[in-house]
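Written below as structure tokens is the structure these notes are about.
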Amino acid sequence: MQPWMVLVLWLVYLALSANFELRNVVLGLLIAGGITALVHPAPYRIEPQRVPAAVWAAVRYVFVVAKDVLEGGLQVARLTLDPKLPIHPAIIAIPSGTESEMATALSAHAITLSPGAMVMEIGDHGAMYTHTLDVTVPDEVYFEMQARRRDLLMEIASEP
Amino acid sequence: MESVFQLLAALAVVVGTTFSALGILGVLRMPDVYTRLHATGKIGVFGAVLLLVAAILVLPKGAGKGIVLIFFLLLAGPVTAHSLSSAAYRIGIPFAKPMRNDLAAVTETFDADEQAEPQRKA
């Protein structure tokens, strides 16, 4: 039994139903417990003393990604409205800088979330083949953004 | 306080709708499927999310549902863009213009297989 899993599912259920009557609260707990018991999620060790640092890193991660998304959105809006449509598409390889599949997947998610860049394939050793709208932006800009994301993701996962 | 929320909601609706319109304009103007997917991504990230933010501001009682929906939208949007572009590349939809392609080097063998496929059928 994974108590964390039950807690998260329970909170999601309560958020979705937005009904805090005792009956509904108990029902949510039963559903969360039932799902956890049926699905057998892989055990994930959580060290309580690492949780505050991980939460803080997660908050910073959300802000870093939000900033990238906003900048990307404005950039694509500008490109779309420009009468000359000055796009210079290309596929560039961005190294994820980690062997962790989860961190690579989350990095690819963040890149694709920000308009103007879209991960098409993930190759060996976490190479992310990214379709970008503006190849005039130097590769180093993408590499730097990725390094920042990777460091935060590693902090969240409590990996060195 | 109520009117502040109303004002913010109206602002979110205007910005969200503007970005959605820009996204559609992008789909019309962009030259190929890959660049078009960039434009549609904007509708998902800005358009739908900002409209949900407006809904949360007007009806705070449903905030939980709204936040979970935003979370799932932000989680699923990039996955669809990635799988559509990846699928388009695999079935060999060409780019509008020749361009730098780091992916070509690693998928050479894959491309050769793809080209052999139709010949076998013919």
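Throughout, read-outs are computed from the coordinates displayed, never taken from laboratory work. These numbers were taken from a predicted model, which means no experiment stands behind them. Here the Cβ is made from the backbone with ideal geometry for all residues, glycine too, and neighbour counts use every protein chain on show.
Results, tabulated for the structure shown:
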| quantity | calculated |
| --- | --- |
| Nearest-ten-degree value, helix A:3-17 long axis tilted from longest Cα axis of chain A | 80 degrees |
| Under 26 Å, Cα to Cα: Lys pairs in the protein assembly as shown, sequence gap 8 or more or different chains | 6 |
| Choice from A:Ala37, A:Ala103, A:Ala54 showing the highest fluctuation, given a GNM over chain A with Cα pairs closer than 10 Å | A:Ala37 |
| Relative contact order [Cα under 8 Å, 6+ residues apart], chain A, whole percent | 24 percent |
| Dipole of chain A [Lys/Arg +1, Asp/Glu -1 at C-beta], most positive-end residue of A:Thr104, A:Pro138, A:Asn24 | A:Asn24 |
| Hydrodynamic radius (Kirkwood) for chain A, which is based on Cα pairs only, to one decimal in Å | 18.3 Å |
| Which of A:His40, A:His88, A:His109 has the fewest Cβ neighbours within 10 Å, and the rest in rising order | A:His40, A:His88, A:His109 |
| Rounded to whole Å, sorted largest first: equivalent-ellipsoid semi-axes of region B:2-96, Cα gyration tensor | 32, 16, 5 |
| Sorted by Cβ neighbour density within 10 Å, fewest at the top, the residues A:Arg149, A:Arg23, B:Arg100 | A:Arg23, B:Arg100, A:Arg149 |
| Point-charge dipole on Cβ atoms (K/R +1, D/E -1) for chain A, about Cα centre, debye to 20 | 540 debye |
| Cα pair distances of region A:76-160 binned at 5 Å [whole percent] | 3, 15, 25, 23, 15, 9, 6, 3, 1, 0 |
| Equivalent ellipsoid semi-axes, region B:3-49, via Cα gyration tensor eigenvalues times 5, rooted, Å | 27, 9, 4 |
| Dipole moment magnitude, nearest 20 debye, chain B about Cα centre, only Lys, Arg, Asp, Glu C-beta charged | 320 debye |
| Separation of the A:Asp151 and A:Leu7 label points, Cα + 7 Å toward Cβ, nm | 2.9 nm |
| Unit charges at the beta carbon, dipole of chain B: most positive-side option, B:Ala105, B:Ala63, B:Leu7 | B:Leu7 |
| MRE, 222 nm, helices only [DSSP H, n ≥ 4, -39500 (n - 2.57), over chain B, to nearest 500] | -26000 deg cm²/dmol |
| Anisotropy class of region A:1-41 from Cα gyration tensor, a/c 1.5 cut | prolate |
| Calculated over region A:1-80: convex hull of Cα atoms, volume per residue (Å³) | 159 Å³ |
| Kirkwood-based Rg to Rh ratio, the protein assembly as shown, C-alpha trace | 1.02 |
| Ascending count of other beta-carbon atoms within 10 Å, so fewest first, for A:Tyr142, B:Tyr89 | A:Tyr142, B:Tyr89 |
| 0 to 90° range, to nearest 10: angle between helix A:139-156 axis and chain A longest Cα axis | 10 degrees |
